[in-house]
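The values are calculated or read from the model by the stated rules, or taken from the named source; none is laboratory data. Because the structure is predicted, anything quoted here is derived from the model rather than measured. Counting neighbours? That spans all protein chains shown, and the Cβs are built from the backbone with ideal geometry, glycine included.
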Amino acid sequence: MANTDNYFGYTLDETDIAILRELQNNGKLTTKELANEVNLSMSPVFERQKRLEKLGFIKKYVAVLDPKKLGYGMSVICNIRLKQHSRENGAQFVEAISKIDEVTDCWNTSGDYDFMIRVYTRDMEHYQQFVLNVLGDIESIGSLHSIFVIGTVKSSHALPLPTKE
């Protein structure tokens, strides 16, 4: 039997979980292909997929691009500490960082740093210019600590899904 946890007023059943699993692996599946994968006819699969979208389980469909093929040879994790903890500084940082294309992820964190961002740049020189001319213009940043990614062991956008009990 599938996990019957209630997710914000909706209980995922085994078929919902199978649909989510297949779409995480390949968001380009047609309704017909998806129906074949989950052993259901097209109409119920279409209705379930639309319901999962409407309920927010499926946020959007995207293509995962290869940063190296696009010229981004360097990935950096950057820990950021704000100058001062205030609503204004936090809001100013979030607004500024949201507009920067090189920043693909931003997390508000606990511990020694306030935020962690992932940055893609062409090379070390590009990153240096980015720190000086882009991050350096954000008034609310007090300090930052860069961690240079030297290799990727695992990179996945797939979330763990509920399993059979």
Self-check item: Inter-residue pairs, beta-carbon under 7 Å, first within 30 Å of residue 11 (Cβ to Cβ) and without any contact (Cβ under 8 Å) to a residue 24 or more places away in the chain and in the stretch 52-79, second crowded, with 16+ Cβ neighbours inside 10 Å and among the aliphatic types (A, V, I, L, M), 6+ apart
Solution: none
Exercise. Mind listing whichever residues of the stretch 13-30 are charged (D, E, K, R), part of a helix (DSSP H, G or I) and either without any contact (Cβ under 8 Å) to a residue 60 or more places away in the chain or closer than 11 Å to residue 49 by Cα (or both)?
Key: 16, 22
Practice problem: With the checklist (1) at pLDDT below 95; (2) within 16 Å of the chain's Cα centre (by Cα); (3) farther than 15 Å from residue 24 by Cβ in hand, flag the one item residue 55 doesn't pass. | Solution: (2)
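Quick check, is residue 35 among the hydrophobic types (A, V, I, L, M, F, W, C) and at pLDDT below 95? Give the steps one after another, and end with the answer.
Numbers: among the hydrophobic types (A, V, I, L, M, F, W, C): yes; at pLDDT below 95: no.
It is false that residue 35 is among the hydrophobic types (A, V, I, L, M, F, W, C) and at pLDDT below 95.
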